[in-house]
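To keep things clear, I will list the structure first and then write my remarks on it.
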Amino acid sequence: MSLLVVGTVAYDSVSTKSGHRQNAPGGSAFYFSISSSFFAKTSLIGVVGTDYSEKYFSMLKKSGVNIDGLEKINGETFRWSGKYHDDDFNQRETLATHLNVLENFNPILNNSHQESKYLFLANIDPKIQTQVLDQMKNKPKMVALDTMNFWIDDHQDNLSSVIENVDIIFMDETEIKSFTKKDNIITAAQFVRDLGPRIVIVKKGEHGSIMFNEGDIFNAPAFPIEQVIDPTGAGDCFAGGFMGYLSGCDDISPQSLRKALISASVMGSFAVEGFSTEKLSKITHMDIEDRFRGLHGMTNFDPLKNNESLPKRVS
Ligand code: AMP
């Protein structure tokens, strides 16, 4: 089924204890679509400047991403730079965000974009997320949204109004706590669900993720990784795995949502194993399935049988 993403396409400059990359390809829609394309045909809506290298257009095309909606306009491409804490990859400092061409971006969707059944509003200005959502012809089967502190802190009203109209929201633990001003993720998720989204997914980095779906709570572990190189884009690849899985099988049942969350974990785990998309560009669909099976093996245990109980101390 058709999957559409709107988000940033960027030049990222990133430092981690493993090294540094200057002006590497990145951006929320870039990462998302590279990841989701392993599962389903994905179309990207975004903007870059005249400085954007042809080789990254080719990279997207080679991954099977439809880039008819990736505009090139006068000006410089969106730029982001960040640095990760040497002892804790969950701590990231944004050094600079230059919106550049993003400031003048008015996305125009063509007919086929407007009919997409699955829509992902990746991390970008909530005004742009709304512009895309408003152009959809019929309500898509599933609309999901991701954001980050940059928009939560200074664009809360615009963000809240788009959140009301989506089915799924992805936030990390810090973001959801800051957005809701609650310090517990269960109460924070309930607060967000009361705003509109049926499903709230809270990402907890190496500690996995938790999905709140009406009365159902599902915990997905992160796939254990020996050496994290660069966590940039892990959240976008995670969402790409989730939405790619759903749209690839066109099934939004509770069991399918759980498998989508495991696919998300798997894609996030590949993203952190290299700078930019250095690792993702080397993996195959079989590698993804191996990790999917691996996660099942690591987490599955027998349920208590009807007449079985847990051992109990006899005093
Ligand atoms: P993640 O590590 O999943 O949070 O995603 C990082 C990606 O988001 C990088 O590739 C950045 O280019 C992009 N990014 C950083 N800041 C923003 C922002 N304010 N809005 C949209 N995308 C951003």
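Quickly run through region 5-20 and pick out the residues that are more than 11 Å from the ligand (Cβ to nearest atom) and open to solvent by 10 Å² or more (accessible area, probe 1.4 Å).
Taking region 5-20 and keeping what is more than 11 Å from the ligand (Cβ to nearest atom), we get 5, 15-20.
Within region 5-20, 15, 16, 17, 18, 19, 20 meet the criteria.
Checking residue 205 against (1) at pLDDT 95 or above; (2) at positive phi, which test does it fail?
(1)
Please go through (1) within 16 Å of the ligand (Cβ to nearest atom); (2) touching a strand residue (DSSP E or B) at 6+ places or on another chain (Cβ under 6 Å); (3) β-branched (Val, Ile, Thr); (4) open to solvent by less than 30 Å² (accessible area, probe 1.4 Å) for residue 124 and return the number of the only condition it doesn't satisfy.
Going through (1) within 16 Å of the ligand (Cβ to nearest atom); (2) touching a strand residue (DSSP E or B) at 6+ places or on another chain (Cβ under 6 Å); (3) β-branched (Val, Ile, Thr); (4) open to solvent by less than 30 Å² (accessible area, probe 1.4 Å) one by one, residue 124 breaks only (2).
Restricting to region 208-225, what's the tally of residues that are assigned to a loop (DSSP other than H, G, I, E, B) and at pLDDT 95 or above?
First, the residues of region 208-225 that are assigned to a loop (DSSP other than H, G, I, E, B): 208, 214-215, 221-225.
Then drop every residue that is not at pLDDT 95 or above, which leaves 208, 221-225.
Residues that pass the stated criteria total 6.
How do the strands (runs of 3 or more DSSP E) wholly within region 1-47 filter down when requiring 2 or more residues that are under 22 Å from residue 75 (Cα atoms) and of a type in the set (Ser, Thr, Tyr): which remain? If you could, list the steps in order and put the result at the bottom.
Numbers: elements: 3-6, 10-16, 19-26.
In region 1-47, the matching strands (runs of 3 or more DSSP E) lie at 10-16.
Would you be able to say whether some residue in region 190-201 is within 18 Å of residue 246 (Cβ to Cβ) and within 16 Å of the ligand (Cβ to nearest atom)?
Within region 190-201 (the criterion being within 18 Å of residue 246 (Cβ to Cβ) and within 16 Å of the ligand (Cβ to nearest atom)), the answer is yes, since at least one residue qualifies.
Name every residue in region 139-163 that is within 23 Å of residue 244 (Cα to Cα), of a type outside the set (A, V, I, L, M) and more than 14 Å from the ligand (Cβ to nearest atom), in order of residue number.
Of everything in region 139-163, those that are within 23 Å of residue 244 (Cα to Cα), of a type outside the set (A, V, I, L, M) and more than 14 Å from the ligand (Cβ to nearest atom) turn out to be 139, 140, 141.
Among the residues of region 152-173, is any within 28 Å of residue 1 (Cβ to Cβ), part of a helix (DSSP H, G or I) and charged (D, E, K, R)?
Our first condition is that a residue be within 28 Å of residue 1 (Cβ to Cβ); within region 152-173, this holds for 159, 161-172.
Restricting the remaining residues to those that are part of a helix (DSSP H, G or I) gives 159, 161-163.
Restricting the remaining residues to those that are charged (D, E, K, R) gives none.
Checking region 152-173: not a single residue is within 28 Å of residue 1 (Cβ to Cβ), part of a helix (DSSP H, G or I) and charged (D, E, K, R).
Can you find, within region 22-75, the residue that is nearest to the chain's Cα centre (by Cα) among those that are of a type in the set (Phe, Trp, Tyr), within 16 Å of the ligand (Cβ to nearest atom) and surrounded by fewer than 24 Cβ atoms within 10 Å (Cβ to Cβ)? Can you show your working first?
Of region 22-75, the ones of a type in the set (Phe, Trp, Tyr) are 30-32, 38-39, 52, 56-57.
Of the ones still in play, those that are also within 16 Å of the ligand (Cβ to nearest atom) are 30-32, 52, 56.
Still in the running and surrounded by fewer than 24 Cβ atoms within 10 Å (Cβ to Cβ): 52, 56.
On the way: 52: 23, 56: 20 Å.
Once the filter is applied, the top-ranked residue is 56.
Which condition number in (1) within 15 Å of the ligand (Cβ to nearest atom); (2) outside any strand (DSSP E or B) is the one that residue 95 fails?
Unmet for residue 95, out of (1) within 15 Å of the ligand (Cβ to nearest atom); (2) outside any strand (DSSP E or B): (2).
In this structure, does residue 87 turn out to be more than 16 Å from the ligand (Cβ to nearest atom) and at pLDDT below 95?
So residue 87 passes the test.
Go through (1) open to solvent by 20 Å² or more (accessible area, probe 1.4 Å); (2) more than 16 Å from the ligand (Cβ to nearest atom); (3) farther than 20 Å from residue 121 by Cα; (4) not in a loop (DSSP other than H, G, I, E, B) and name the single condition residue 281 misses.
Condition (2) is where residue 281 drops out.
From the list 172, 134, 88, 154, which residue is farther than 30 Å from residue 38 by Cβ and open to solvent by 40 Å² or more (accessible area, probe 1.4 Å)?
Sole residue among the options that is farther than 30 Å from residue 38 by Cβ and open to solvent by 40 Å² or more (accessible area, probe 1.4 Å): 154.
List the residue pairs whose Cβ atoms are under 8 Å apart, where the first residue sits in region 239-252 and is open to solvent by 50 Å² or more (accessible area, probe 1.4 Å), the second is part of a helix (DSSP H, G or I) and of a type in the set (Gly, Ala, Ser), and the two are 6 or more positions apart or on different chains.
Filtered contacts from region 239-252: 249/256.
The values are calculated or read from the model by the stated rules, or taken from the named source; none is laboratory data. Nothing here was measured: the structure is a model prediction, and the numbers come from that model. Every residue, glycine as well, gets a Cβ built from its backbone with ideal geometry; the counts of neighbours run over all protein chains shown. Just so you know, the surface numbers come from the protein's heavy atoms only, side chains and all, with ligands and any DNA or RNA stripped out. Shrake-Rupley method; radii C 1.70, N 1.55, O 1.52, S 1.80 Å.
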